[in-house]
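Below is one structure, written out as structure tokens; the observations come after it.
The values are calculated or read from the model by the stated rules, or taken from the named source; none is laboratory data. Keep in mind that what you see is a predicted model, and the values were worked out from it rather than measured. Cβ placement follows ideal geometry from the backbone for every residue including glycine, while neighbour counts extend to all protein chains displayed.
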Amino acid sequence: MTRRYRESDFDTYTLRLPHWATASSERVDRFVVRLAVFVVVLAVPIAGAIGVAVYNVNRDAYFRQAESRHNIVATVTTDAVKPDLRRNVVRVPVEWAWNGTRHTGTLRVSPGVRPGDTVDIWVDENGSMVSAPKSTTTAMLDGVVVAAAVWLTVAGGAAIAVAARTSRTHSGWPPTQSAPAP
């Protein structure tokens with residue numbers, strides 16, 4: 001047997017938020033701004049910690065790089081092969097000896113270098129030509145740039161959140177009236 005229900009058989013309840021939970025838009029705006037400021041201030045030590053971590057990792061890598069690279073003298077063998085006029089350098093063939101083995105390669109040098117001139121180069125433990133090792137100053141700059149980028153990203157996100165909330169809140173307001181033209 002199926003029982004039919006009438007509307008009067010049920011009690012109707014309406015859920016409403018308490019009056020303190022229905023905040024005015026100004027209170028919500030203030031809350032969003034305060035939250036954004038809190039997040040931006042909290043991001044300072046976090047960005048700093050990330051920057052210090054990047055500095056430590058790069059410092060160790062650059063230290064290992066400096067240990068495995070050696071500055072030696074190479075001799076220019078012939079005249080310039082390829083001039084690069086934009087950078088004001090020329091590429092010249094050079095040769096050097098490392099652990100009794102003769103090596104050759106090309107190097108960018110300033111114009112005016114002649115065959116037989118010597119130039120400083122950096123080589124790895126195998127005698128292959130490599131770039132000069134980076135300094136701990138470069139590691140410090142890496143950490144500062146990463147920390148600044150992290151903080152600016154957080155600050156930019158907070159500014160966008162505040163701007164979005166403010167523009168949504170005030171989009172229905174009439175435009176401000178400017179002074180009448182003389």
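Output the residues belonging to the stretch 153-182 that are at pLDDT 90 or above and surrounded by 14 or more Cβ atoms within 10 Å (Cβ to Cβ). Of everything in the stretch 153-182, those that are at pLDDT 90 or above and surrounded by 14 or more Cβ atoms within 10 Å (Cβ to Cβ) turn out to be VAL154, ALA155, GLY157, ALA158, ALA161, VAL162. Looking across THR106, THR78, one residue alone is part of a loop (DSSP other than H, G, I, E, B), of a type in the set (Ser, Thr, Tyr) and at negative phi. It is THR78.
Determine, yes or no, whether VAL44 is at pLDDT below 95, of a type outside the set (Lys, Arg) and assigned by TED's automatic domain parsing to the domain that holds TRP151. Criteria not met by VAL44. The sole residue among ARG87, ARG91 that is among the basic types (Lys, Arg), free of Cβ contacts under 8 Å to residues at least 24 places away in the same chain, part of a strand (DSSP E or B) and not assigned by TED's automatic domain parsing to the domain that holds ALA43 is ARG91.
For the stretch 90-109, the count of residues that are over 22 Å from ASN126 (Cβ atoms), surrounded by 17 or more Cβ atoms within 10 Å (Cβ to Cβ), of a type outside the set (Phe, Trp, Tyr) and under 31 Å from the mean Cα position of the chain (by Cα) is zero. A Cβ distance below 9 Å, combined with a sequence gap of six or more or placement on separate chains, defines the contacts here; from the stretch 134-161, residues that are closer than 15 Å to GLN65 by Cβ and without any contact (Cβ under 8 Å) to a residue 60 or more places away in the chain reach no residue that is surrounded by 14 or more Cβ atoms within 10 Å (Cβ to Cβ) and small (Gly, Ala, Ser). Taking the stretch 109-121 on its own, how many of its residues are over 10 Å from ALA74 (Cα atoms) and not in a strand (DSSP E or B)? The total comes to 6. The condition of being modelled with pLDDT of 90 or more and closer than 30 Å to ALA43 by Cα holds for VAL146.
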